[in-house]
1. Using mean Cβ contacts within 10 Å as the protection proxy, how do 100-108, 24-32 order, highest first?
2. Report in % the part of the accessible area of the chain that belongs to carbon and sulfur, leaving out ligands and nucleic acids; probe 1.4 Å.
3. Could you pull the Rg and Dmax for segment 1-74, using just the Cα atoms, both in Å?
4. Which residue, chosen from 23, 4, 128, occupies the Cα position most advanced towards the positive end of the dipole of the chain, where the dipole is computed from +1 (Lys, Arg) and -1 (Asp, Glu) charges on Cβ about the Cα centre?
5. Would you mind getting the Kirkwood hydrodynamic radius of segment 125-171 from its Cα pairs, rounded to one decimal in Å?
6. How far is helix 174-196 tilted off the main Cα axis of the chain, in degrees rounded to 10, range 0 to 90?
7. Considering only protein heavy atoms, what per residue accessible area in square angstrom results for the chain with a 1.4 angstrom probe?
8. Given 4 °C and 1.567 mPa s, how large is the Stokes-Einstein diffusion coefficient of segment 1-41 in µm²/s, with Rh as the Kirkwood radius over Cα pairs?
Amino acid sequence: MVEFSPSTGTGGLVGSSSMSGNTVSVGDFVYGHFSYDTVTGLIGNFGAGPVYSASGAGNSVVANLAGHNLALASTTSDSTLVQVSNNAAILGGGDSLAIGNVQENAAASQMMVLDFFDQTGNALANDSIPGTIDASAFSQSTFYYLYTNKGNRNMMGANGALTSLTLVTAVPEADSYAMLLSGLGILGLLARRRRQK
């Protein structure tokens, strides 16, 4: 964990920080969840690979520390991006899947990123958002947090390794269930008509 002041060029490693309004200390456990939508639109190719984002897409990164949500209050902007890097030269031929949330309000901005990395370049098949994640295919998974105070530009950054991960499959939306049920109803009606003939 580090604190840094760009205006004075000072800062360094710290054991804890209250800059973001919550006390964050080395050794703390952060709990949360993330999700992404495989049909999120491509917005461009930046750095290591293509970046996907869309308003209304099911992309999110949520983190909690000691019962406090790390989200900013009264946000003026809030977006979640997905970057997929397959055999990226900038990563030495490695693969990376990163899901990041960027928030801003009048007083501060912050970024939270969950990054899965594989040095061998075998974890991802291409630069599309993967339908599923094989966590065992990635050699490293890291959570990054960066908070910036807009008034004095002071920054606090922390990162940590994932120690536990539970992957779940997507739950169909209500309209998907409605389409499924109407489809089953039509099949049932056709079956009944065939029996009557």
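1. Values: 100-108: 17.1, 24-32: 13.7.
With the highest mean Cβ count within 10 Å placed first, the list reads 100-108, 24-32.
2. Working: 6570 of 11780 Å².
Taking all protein chains in place, the chain shows 56 percent carbon and sulfur surface.
3. 16.6, 44
4. 128
5. Numbers: mean 1/r = 0.0714 Å⁻¹.
Result for segment 125-171, one decimal place: 14.0 Å.
6. So the helix axis and the longest Cα principal axis differ by about 10 degrees.
7. Values: 11780 Å² over 197 residues.
For the chain, the per-residue accessible area is 60 Å².
8. Numbers: Rh = 13.2 Å.
Using the Kirkwood radius from Cα pairs, D works out to 98 µm²/s.
The values are calculated or read from the model by the stated rules, or taken from the named source; none is laboratory data. Please read all numbers here as calculations on a predicted model, not as lab measurements. All Cβ positions, even for glycine, are placed from backbone atoms using ideal geometry, and neighbour counts span all protein chains on display. What goes into the accessible areas is simple: the full protein's heavy atoms, side chains included, and nothing from ligands, DNA or RNA. Shrake-Rupley method; radii C 1.70, N 1.55, O 1.52, S 1.80 Å.
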